[in-house]
Amino acid sequence: MSNALTLAAGPLETSAANHGADQIVGNAPPPLTFIAPLPPPLPRQPAQNFMARHWRGELSLPRSYWINYLLLGIGVGLALGALSAAVDLRAIEQPVYWLISLGLTWGVISLFTIWGGVGVWRAATAYRRAGKRFWGVAAKVIIGLGALHLVYSLLFVAIPQSLGIYEIVAGDTRLASHQFKVLNNGTMLDFSGGISFGTAKEFETMLKAMDNVRTVRLNSNGGRIAEAQKIADLIKARGLSTYVTQQCASACTIMFLGGKQRHLHASARLGFHQPYFRGMTANEQRVVIAREQARLQKFGLSHAFAERANAASPSGMWFPEQSELLRERVVTSIFTPPPPKPVASATPAPSASAAKAATAPPALQATRTTYQGAPQ
């Protein structure tokens with residue numbers, strides 16, 4: 001009996017204990033869930049465009065040098081040349097366009113040279129590691145020389161050219177100021193001073209307002225060649241004469257040669273030298289000198305005179321003798337003023353109208369090679 005009760009009670013105690021355990025389990029927080037970590041991200045694939053691959057030196061040395069650096073460089077140079085030529089057409093009137101074009105051109109050249117040079121240098125390093133030392137070294141030498149040439153060009157070409165154009169944009173303050181005067185009842189236009197940017201426009205405005213002008217009197221030490229050439233074209237188109245009473249040098253001689261009749265005072269001088277612009281390379285200077293010699297010969301001057309006129313350095317000056325100027329037809333006449341007449345003490349002073357009539361220069365005869373009267 002007792003055994004039976006014991007056996008009967010055993011399951012009951014077990015059930016109660018399990019019930020309590022069930023309550024404990026039911027009140028317990030849910031078990032933690034463990035998530036396996038994600039695999040590391042795949043390595044980023046390098047860019048596949050040829051510009052990035054060239055920069056990293058992943059391309060072969062022949063392709064990096066001959067195609068990317070050389071052939072592509074020629075294409076970039078031709079494109080920049082065409083763009084600069086198109087911009088320079090407007091730069092004649094708006095030099096700020098010239099300055100912007102110059103900055104963009106040298107900026108692109110610098111960036112392309114750096115990009116191309118770094119890519120070739122890295123490709124040459126890989127080429128040497130492969131055991132081909134000669135071509136790897138040769139490519140690096142060429143790239144090094146190209147880098148030095150870029151630095152030289154920036155210091156002695158790009159920066160001086162930019163400063164020269166900036167001077168034009170800023171108003172050519174380095175040149176002497178100039179002025180116009182109307183003389184001899186509107187038959188003579190006097191110009192003196194520096195030939196700065198915009199002078200040709202002023203000159204054209206003056207001519208449009210002067211229907212009776214016959215002579216342009218010049219006294220200048222020069223200035224901008226392009227402006228002088230435009231003024232010479234205006235003088236030639238109107239069939240005007242030119243006259244120098246003191247000195248006409250450098251770009252002023254371009255204006256002087258535009259005259260149909262070209263007169264020189266006996267004490268005046270004409271000065272010639274090579275054309276020059278800041279930052280001009282040796283090759284550009286040869287081209288400009290050859291162009292200037294051809295221009296002088298179109299005026300009928302001999303080849304020897306045109307060559308000698310461009311032999312003087314930009315900082316020097318050649319002043320030909322007046323006899324040579326006459327022989328070469330640079331001037332058509334020399335004005336020698338008559339000696340002053342002695343005035344008797346007893347002679348009464350002339351009236352103002354009489355004095356003006358006595359000092360007025362007589363009319364110039366265009367057919368005479370030398371004359372005694374000043375041009376009108």
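The values are calculated or read from the model by the stated rules, or taken from the named source; none is laboratory data. Only a predicted model underlies this, so the values are computations on that prediction, with no experimental measurement involved. Cβ placement follows ideal geometry from the backbone for every residue including glycine, while neighbour counts extend to all protein chains displayed. Ligands, DNA and RNA are excluded from the accessible area calculation, which covers all protein heavy atoms including side chains. Shrake-Rupley method; radii C 1.70, N 1.55, O 1.52, S 1.80 Å.
Filter region 49-62 down to residues that are touching a residue at least 60 places away in the same chain (Cβ under 8 Å), outside any loop (DSSP other than H, G, I, E, B) and not aliphatic (A, V, I, L, M), then give me how many there are. Final tally of qualifying residues: 3.
Checking Tyr97, Tyr127 one by one, the residue that is open to solvent by 80 Å² or more (accessible area, probe 1.4 Å) and in contact with a helix residue (DSSP H, G or I) (Cβ under 9 Å, 6 or more places away or on another chain) is Tyr97 and no other.
Condition first: among the hydrophobic types (A, V, I, L, M, F, W, C) and closer than 15 Å to Gly116 by Cβ. Now tell me which residues in region 54-78 satisfy that. Quick ask: steps written out before the conclusion?
Here is the first cut: in region 54-78, the residues among the hydrophobic types (A, V, I, L, M, F, W, C) are 55, 59, 61, 66-67, 70-72, 74, 76, 78.
Listed by number, the residues that qualify are Trp55, Leu59, Leu61, Trp66, Ile67, Leu70, Leu71, Leu72, Ile74, Val76.
So, in region 78-94, of the ones that are within 19 Å of Leu154 (Cβ to Cβ) and surrounded by 14 or more Cβ atoms within 10 Å (Cβ to Cβ), which residue ends up nearest to the chain's Cα centre (by Cα)? Within region 78-94, the match that is nearest to the chain's Cα centre (by Cα) is Ser84. Among residues of region 185-207 that are in contact (Cβ under 8 Å) with a residue 24 or more places away in the chain and open to solvent by 30 Å² or more (accessible area, probe 1.4 Å), those with a beta-carbon under 7 Å from a residue that is β-branched (Val, Ile, Thr) and in a strand (DSSP E or B) at least six positions away or on a different chain give the pairs Thr187/Thr215. Only one of the listed residues (Phe197, Phe277) is among the hydrophobic types (A, V, I, L, M, F, W, C), in contact with a helix residue (DSSP H, G or I) (Cβ under 9 Å, 6 or more places away or on another chain) and within 28 Å of Glu328 (Cβ to Cβ). That residue is Phe277.
Of Leu154, Leu175, Leu163, Leu104, which residue is open to solvent by 30 Å² or more (accessible area, probe 1.4 Å), out of contact with any Cys (no Cβ under 8 Å at 6 or more places or on another chain) and at pLDDT 95 or above?
Numbers: Leu175 fails: at pLDDT 95 or above; Leu163 fails: at pLDDT 95 or above; Leu104 fails: at pLDDT 95 or above.
One residue alone meets the criteria, Leu154.
Which condition breaks for Asn283 when tested against (1) among the polar types (S, T, N, Q); (2) under 14 Å from Asp190 (Cα atoms); (3) open to solvent by 60 Å² or more (accessible area, probe 1.4 Å)? Only one criterion is unmet by Asn283, namely (2).
If you go through region 212-244 and keep only what is in a strand (DSSP E or B) and within 26 Å of Tyr276 (Cα to Cα), you end up with Val216, Arg217, Leu218, Asn219, Ser220, Gly223, Thr242, Tyr243, Val244.
Checked against (1) farther than 28 Å from Leu240 by Cα; (2) open to solvent by 30 Å² or more (accessible area, probe 1.4 Å); (3) at pLDDT 90 or above, Ala312 passes all but condition (2).
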